[in-house]
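J.: This is the structure I have questions about; it appears just below.
The values are calculated or read from the model by the stated rules, or taken from the named source; none is laboratory data. These figures come from a predicted structure and were not determined experimentally. FYI the Cβ positions are ideal-geometry reconstructions off the backbone, even for glycines, and counts take in every protein chain you see. For the accessible areas, the whole protein counts, side chains as well, though only heavy atoms, and no ligand, DNA or RNA atoms are used. Shrake-Rupley method; radii C 1.70, N 1.55, O 1.52, S 1.80 Å.
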Amino acid sequence: MTRAGRGRVAAAAPSVGVQALFPALFVLLWSTGFIAAKYGLPYAPPYKFLLIRFACVAALMTVVALATRAVWPKSALQVLHVAIAAWLVHACYLGGVFVAISHGMPAGTSAMLVGLQPLLTVVIARLWLDERVVPLQWLGLLLGLAGVYFVVRHKVDFSGDLAGLVPISLALVAISVGTLYQKRFCAKVDLRSGAVIQFWACALVYVPIVLLAGERAVDWTPQFVFALGWSVLVLSVGAISLLYWLLRHGAAADVARLFYLVPPVTAAMAFALFGERLDALALAGMALIAMGVAMARPRA
């Protein structure tokens with residue numbers, strides 16, 4: 001068997017039953033991102049936190065890709081496409097969210113603004129990828145957005161300065177364009193070798209940023225180590241791999257609607273872990289989100 005053949009065997013598709021669980025698993029894992037940030041940012045500044053995270057994921061996935069004989073991109077242009085997708089989905093999106101939270105933006109505000117991503121993604125997908133969106137799907141997307149507001153409304157605060165608003169807006173645009181770019185140009189790249197390229201590309205970009213930012217030193221507490229480990233294994237390896245798999249096997253608009261489920265799941269986690277507020281209107285918002293997501297599903 002050739003090396004490429006062994007790579008394809010190692011990356012054999014999961015069963016249909018397992019695949020059916022991927023959307024729910026993605027939402028569950030992605031929703032822990034704000035929880036990990038809340039645990040880790042008090043002990044590490046945002047750029048250093050992300051540089052360490054990117055370097056750890058890159059090293060880990062390099063070992064995985066080599067050990068499983070992953071198939072690598074065959075052209076420099078393909079490598080460039082993978083890197084550009086990484087700078088959008090990882091470097092800009094995560095950087096924007098982390099910087100906004102570190103500047104005091106409430107998690108609810110950032111969740112609400114990033115919650116605009118499904119609408120923005122659908123608009124861009126309609127213009128760029130020519131994906132068809134029917135009126136019922138638009139209504140579902142609007143219902144989902146209203147539900148997101150009800151869930152996080154008591155945490156939304158726009159009274160701060162642009163120090164948080166600008167980076168979170170950059171994060172919104174980056175994740176919306178980045179997911180579409182990944183689907184358009186990187187759909188056939190092996191997820192293992194693609195992860196190696198993407199996270200090394202992000203780490204290389206963040207080295208000069210960290211040097212120029214002059215941030216404080218990292219406090220290597222058990223809480224930070226836990227947050228870092230969770231971010232590396234669960235978020236950057238698990239959740240991102242699921243996101244790319246879903247983009248590869250479905251329409252961008254269909255995947256985007258899953259992001260509406262993130263704020264209510266995060267709110268439920270914050271309620272369970274930190275005792276944060278979760279009232280009747282928030283529960284009604286969760287019901288609206290569920291209705292919106294169901295209506296936004298693509299029709300045959």
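Table: residues versus (1) touching a strand residue (DSSP E or B) at 6+ places or on another chain (Cβ under 9 Å); (2) closer than 16 Å to Ser241 by Cα; (3) open to solvent by less than 20 Å² (accessible area, probe 1.4 Å).
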{"residue": "Leu29", "(1), (2), (3)": "no, yes, no"}
{"residue": "Thr32", "(1), (2), (3)": "no, yes, yes"}
{"residue": "Met105", "(1), (2), (3)": "no, no, no"}
{"residue": "Ser110", "(1), (2), (3)": "no, no, yes"}
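J.: Next question, about the same structure. Return the residue satisfying two criteria in turn: it lies in segment 66-85 and is within 25 Å of Leu172 (Cα to Cα) and in contact with a Gly (Cβ under 8 Å, 6 or more places away or on another chain), and of such residues it is surrounded by the fewest Cβ atoms within 10 Å (Cβ to Cβ).
T.: Going through the qualifying residues, I end up with Val82.
J.: For Arg248, only one of the following conditions fails: (1) open to solvent by 50 Å² or more (accessible area, probe 1.4 Å); (2) assigned to a helix (DSSP H, G or I); (3) at pLDDT below 80; (4) within 22 Å of Ala187 (Cα to Cα). What is its number?
T.: Of everything listed in (1) open to solvent by 50 Å² or more (accessible area, probe 1.4 Å); (2) assigned to a helix (DSSP H, G or I); (3) at pLDDT below 80; (4) within 22 Å of Ala187 (Cα to Cα), Arg248 misses just condition (3).
J.: Under 6 Å between Cβ atoms, at least 6 apart or on separate chains: pull out the pairs that start in segment 165-183 with a residue that is over 10 Å from Thr121 (Cα atoms) and β-branched (Val, Ile, Thr) and end on any residue that is open to solvent by less than 20 Å² (accessible area, probe 1.4 Å) and assigned to a helix (DSSP H, G or I).
T.: Within 6 Å, the pairs are Ile168/Gly96; Ile168/Ala100; Ile168/Ser110.
J.: Name the residue that is least open to solvent (accessible area, probe 1.4 Å), counting only residues in segment 38-65 that are within 13 Å of Val234 (Cβ to Cβ) and hydrophobic (A, V, I, L, M, F, W, C).
T.: In this case the residue turns out to be Val57.
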